[in-house]
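Written below as structure tokens is the structure these notes are about.
The values are calculated or read from the model by the stated rules, or taken from the named source; none is laboratory data. This is a predicted model, so every value here is computed, not measured. Please note: Cβ atoms are built from the backbone with ideal geometry, for glycine as well, and neighbour counts cover all protein chains shown. The accessibility values were calculated without ligands, DNA or RNA, using every heavy atom of the protein model including side chains. Shrake-Rupley method; radii C 1.70, N 1.55, O 1.52, S 1.80 Å.
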Amino acid sequence: MTTTSGTFDVARIREDFPLLKQTVNGKPLVYLDNAATSQKPQSMIDALVRYYTTENSNVHRGVHTLSQLATDDYEAARTKVRKFINAAEDHELIYVRGTTEGINLVAQTFGRQNIGQGDEIIISTMEHHSNIVPWQILCEEKGAQLKVVPINDSGELLIDEYEKLLSPRTKLVSIVHQSNALGTINPMEAIIEMAHSRGVPVLVDGAQSIPHMTIDVQKMGCDFFVFSGHKLFGPTGIGILYGKAEYLNAMPPYQAGGEMIRSVSFEKTTYNVLPHKFEAGTPNIAGAIGLGAAIDYLNDLGMERINTYEKELLDYGTDCLSRIEGLKIIGTAKEKGGILSFVLGDIHPHDIGTILDTQGIAIRTGHHCAQPVMQRFGIPATARASLAFYNTKAEIDSLVEGIDRVLEVFS
Ligand code: 7TS
């Protein structure tokens, strides 16, 4: 447990995560389901408790002191997010429930406004269902078409095929930055550049990339970037839609109600400015503040150091799993984040997950809400270990021992 990588002292870092100290089924917890959701540092938990203990009130409404404190903290968190992803303006960041809501927001506003009969939206084979179904619903409604970029046997996008799919009918490209099922990291700058050279905007699903690498939306050049707070060591129920102001300003509101209006009468309602236009109703104030605290924590550790450490961990894990007879890693892209998706002979992944759980090891099994990926590889499901910076080589060793146990049971 005392893995130290340079100055990246994982044993010390683990002390910040109270949940990691527990035992599960009588064994020390080995939490390898970080792509589903991440664990929380104490400082993030403390921020939630502090908010509810000392400051709880509604934002942007009251002149009273608590309301102003809550508003200040809620908006300070937005500034933290802006700096974290290097957006140009605070009002380009919209608080949403998570990645899923962020994509649905864009589909129902930008999509409904700009995509019509015969138009095309490009996604890829490796999308999470939340970056497929909102576009399918829109396409059905509008008579538009979904075009899907294929992938190779390593799980890499076929960029030439992508380029061929871009046509005068393409109105939007929406692609995942890092695949949750395969770990593939897509070359977003190149993808965006090709779309932009044809005047097509790009949405990036950053749910799996932002916890593991430095994100600079201006350098990347994306028009929209969405992510979930809970995968970024923050609370559930909060996420971010980043959009370039020119797009957000032109888009109609998503939900209607309090706070998103400038004035209401029965004859005519006018809408508030960004970001409020897209934040109808009382928002997840504690969630936003918690997300800000998670970002403070990550900034202290440093995303570059996190990235370097996780690469080392992934290399170690890949090497260890590759030695297990009958185990096949699904997703072997050259550019890859900390996802180890695998199948083990004809043992059902759910059985693998259940036996590992008896050893205190938490992984996810199934299709990972990416059924087209499973179809592409001709498998119903995988077992998936997904890494975070608080994981250790010793935990990978435990995973290997756990898999050996699975093999014993089925031998
Ligand atoms: N996009 C990607 C790439 C994801 O991995 C996920 C969640 C989502 C979108 C949706 O995020 P949400 O926070 O709105 O639910 N992925 C997973 C997973 O891999 N296991 O559980 C959830």
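For the residues Ser179, Ser197, Ser263, the requirement of being closer than 22 Å to Asp160 by Cβ and surrounded by fewer than 21 Cβ atoms within 10 Å (Cβ to Cβ) singles out Ser197.
Looking at Ala36, Ala77, Ala11, just one residue is among the hydrophobic types (A, V, I, L, M, F, W, C), away from the ligand (no atom under 16 Å from the Cβ) and under 20 Å from the mean Cα position of the chain (by Cα), and that residue is Ala77. Listed by position, the strands (runs of 3 or more DSSP E) inside segment 318-411 whose residues that are of a type outside the set (Val, Ile, Thr) and modelled with pLDDT of 95 or more number at least 3 are 339-344, 382-386.
Name the residue, out of Ile330, Ile339, that is within 19 Å of the chain's Cα centre (by Cα) and either within 16 Å of the ligand (Cβ to nearest atom) or farther than 27 Å from Asn25 by Cβ (or both). Spell out how you get there, then give the answer.
Values: Ile330 fails: within 19 Å of the chain's Cα centre (by Cα).
Exactly one of Ile330, Ile339 is within 19 Å of the chain's Cα centre (by Cα) and either within 16 Å of the ligand (Cβ to nearest atom) or farther than 27 Å from Asn25 by Cβ (or both), namely Ile339.
The strands (runs of 3 or more DSSP E) found wholly in segment 133-209 and carrying at least 1 residues that are within 14 Å of the chain's Cα centre (by Cα) occupy 170-176, 202-205. Starting from residues that are surrounded by fewer than 22 Cβ atoms within 10 Å (Cβ to Cβ) and more than 15 Å from the ligand (Cβ to nearest atom), keep the ones in segment 200-239 and report whichever is nearest to Ala181 (Cα to Cα). So the residue we want is Thr214. Val59 meets the stated requirement of being away from the ligand (no atom under 16 Å from the Cβ), over 28 Å from Lys219 (Cβ atoms) and touching a helix residue (DSSP H, G or I) at 6+ places or on another chain (Cβ under 7 Å).
Would you check if Lys147 is among the basic types (Lys, Arg), closer than 30 Å to Gly281 by Cβ and open to solvent by 20 Å² or more (accessible area, probe 1.4 Å)? Steps first, answer last, please.
Working: among the basic types (Lys, Arg): yes; closer than 30 Å to Gly281 by Cβ: no; open to solvent by 20 Å² or more (accessible area, probe 1.4 Å): yes.
Criteria not met by Lys147.
Among the residues here, Ile121 qualifies as outside any helix (DSSP H, G or I), modelled with pLDDT of 95 or more and open to solvent by less than 30 Å² (accessible area, probe 1.4 Å). Screening Ala107, Ala70 for residues that are more than 24 Å from the chain's Cα centre (by Cα), surrounded by 19 or more Cβ atoms within 10 Å (Cβ to Cβ) and of a type outside the set (S, T, N, Q) leaves exactly one candidate, Ala70. Could we say that Thr100 is farther than 16 Å from Lys277 by Cβ, within 16 Å of the ligand (Cβ to nearest atom) and of a type in the set (Ser, Thr, Tyr) here? For Thr100, the condition - farther than 16 Å from Lys277 by Cβ, within 16 Å of the ligand (Cβ to nearest atom) and of a type in the set (Ser, Thr, Tyr) - is met.
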